[in-house]
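The block underneath contains the structure these notes are about, expressed in structure tokens.
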Amino acid sequence: MLPLPHSISRRQQLRSNQISTLPSRTNNLTFKSIMGQSLFTSYLHITFSTKNRAPVLKDQAFRKELYAYMAGVSKQLDGPALIINGVEDHVHLLIKQCKTKSISDYMRELKKTSSLWINQHPAQSGFHWQDGYGAFSISPSHVEAVTQYIANQEEHHKKTTFKDELLRLLQKYQTDYNETYLWS
């Protein structure tokens with residue numbers, strides 16, 4: 001290692017050596033020990049529908065099996081689902097997002113594997129999910145309210161359609177969209 005000129009501060013010298021031994025302001029810990037890991041918490045409320053919003057998931061017992069399967073896939077994708085529920089034509093999930101996988105990768109895998117699982121059942125052959133999805137970030141302080149909202153989907157959809165619900169979510173979360181592609 002070459003000697004550093006005297007004009008370089010101790011802090012710059014430590015940075016150049018990639019050594020983190022400067023004391024912190026709390027508990028006399030080193031910088032490295034304070035942030036030696038990547039910390040991340042992000043909750044997502046995700047919703048997506050069946051192809052053309054067809055009400056093909058009519059059997060409630062089948063849907064419960066599907067949601068259990070999807071919860072297992074979510075766990076394998078390191079994005080554990082706190083709750084999954086829905087009705088005949090769409091699904092809602094509340095997940096704790098993985099810090100190493102993008103939401104698009106997560107959704108591609110979740111929809112692919114769940115479609116394959118659904119199509120293994122003779123009454124559901126030819127099943128497809130819609131191409132897109134809605135994913136909305138949720139504050140940790142709203143997790144309980146969103147959990148209740150998702151749990152009450154059957155009751156909620158006695159009064160409103162998925163289309164109205166999605167438009168309300170897009171407005172609530174100030175999400176830009178092009179209506180031309182929203183329902184395709």
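Values quoted throughout were computed directly from the atomic coordinates according to the rules given, and no laboratory measurement underlies them. For clarity, every value in this text was computed on a predicted model and none was experimentally measured. A quick note on method: Cβ atoms are made from the backbone with ideal geometry, for glycine too, and the neighbour counts reach across all protein chains shown.
Note on residue 54 and residue 160: their simple-model spin labels are 2.7 nm apart, each label 7 Å out from Cα toward Cβ. For segment 123-140, the residues whose amide N sits under 14 Å from a probe point set 7 Å from the Cα of residue 41 along the beta carbon direction are 138-140. Taken about its Cα centre, segment 43-175 carries a charge dipole of about 180 debye when Lys and Arg each add +1 at the Cβ and Asp and Glu each add -1 at the Cβ.
Put in order of Cβ neighbour count within 10 Å, fewest first, the listed residues 93, 116, 167, 44 become 116, 167, 44, 93.
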